[in-house]
Amino acid sequence: MLAFGGDKPVTMRANPFFVLMGCTNDAALLRSLDPHKPFLICTDDCRTANIPTGAPELATATAVNGKLVALASHGGVLGVWHEGGGVEFFGLPEVADPVMAQEWPAMAMTDGKVIDILARGAKGFVVIRIPAS
C-alpha cells in the first residue's frame with residue numbers, strides 16, 4: 001500500500017490475505033479474507049484489531065482515531081461497539097440495514113467527528129449519521 005499526504009509518501013507491506021475496505025483521514029482499514037480473523041488498521045504501521053466483544057462477526061466497520069468501531073442494526077436499533085470501550089445503542093426512525101459490498105458489509109465513513117453508514121431503508125438507500133465518540 002502507498003500512502004499519500006503529509007511530507008512524504010509512506011509504503012506499507014500488508015498481509016496479502018487482507019483486502020482494503022477503505023480509508024479514513026488517519027487510517028486504512030483492511031478486512032481478512034477469513035471473517036473469523038482480525039482486521040488490519042494501518043497508519044504509519046499496520047496492526048491487527050479484533051472485532052469488539054459482542055459485535056456481530058460481519059458488522060460494518062470503520063476506524064476512529066486509529067481504533068476499530070463495529071456497527072450493526074437490528075429491528076430499528078443501531079449498535080456501535082468501540083475497540084477498547086463499551087457499546088452504544090441508537091434508535092432509528094425506521095428499520096435500516098447497512099449495505100453489503102460483495103460479500104462484506106461496506107465500510108462506514110468518518111471524519112473523526114461523525115460516522116456515516118450507508119444503509120437500505122424501507123423506501124431506498126439512507127445515510128445513518130451518528131457521533132463518532
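What follows is calculated from the coordinates using simple rules that are stated; it is not laboratory data. As the structure is a prediction and not an experimental result, all values here were calculated from the model. Positions of Cβ are generated from backbone atoms using ideal geometry, with glycine treated the same way; all protein chains shown enter the neighbour counts.
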**Study point:** Free-standing Cys residues across the chain, given no other cysteine C-beta under 4.7 angstrom
**Key:** Cys23
**Study point:** Counted charge near Asp26, where neighbours are those whose Cβ lies closer than 11 Å (Asp, Glu -1; Lys, Arg +1)
**Key:** -1
Check your understanding: Taking only C-alpha pairs under 8 Å that are 6+ residues apart, what is the relative contact order of segment 2-131 in percent?
Key -> 15
Practice item. Could you point to the label whose value was computed as volume of the Cα convex hull per residue in Å³ for the structure here, given [x] 124; [y] 192; [z] 107? Key: [z]
Review point. Using 7 Å Cα-to-Cβ label points, what is the Val95/Lys113 separation (nm, one decimal)?
Key: 3.4
Check your understanding: When only DSSP loop residues count, what GluC sites (Glu not before Pro) in segment 37-120 have their Cβ near at most 14 other Cβ atoms within 10 Å?
Key -> Glu57, Glu94, Glu103
Review point. Once the Cβ-Cβ distance between Glu88 and Phe125 is put in as r, and R0 is 25 Å, what FRET efficiency do you end up with, to the nearest 0.05?
Key: 0.60
Check your understanding: Where in segment 33-133 are there trypsin sites (Lys or Arg not before Pro) that are in a DSSP coil and have at most 10 other Cβ atoms within 10 angstrom of their Cβ?
Key -> Lys113, Lys123
Exercise for review: Mind putting a number on the dipole of segment 2-131 about its Cα centre? Charges go on the C-beta only, +1 for Lys and Arg and -1 for Asp and Glu, and I need it in Debye to the nearest 20.
Suggested key: 100
Study note, to complete from the structure: Looks like segment 48-115, by Cα gyration tensor root eigenvalues a ≥ b ≥ c and the a/c under 1.5 rounded cutoff (else prolate when a/b is bigger than b/c, oblate otherwise), is rounded
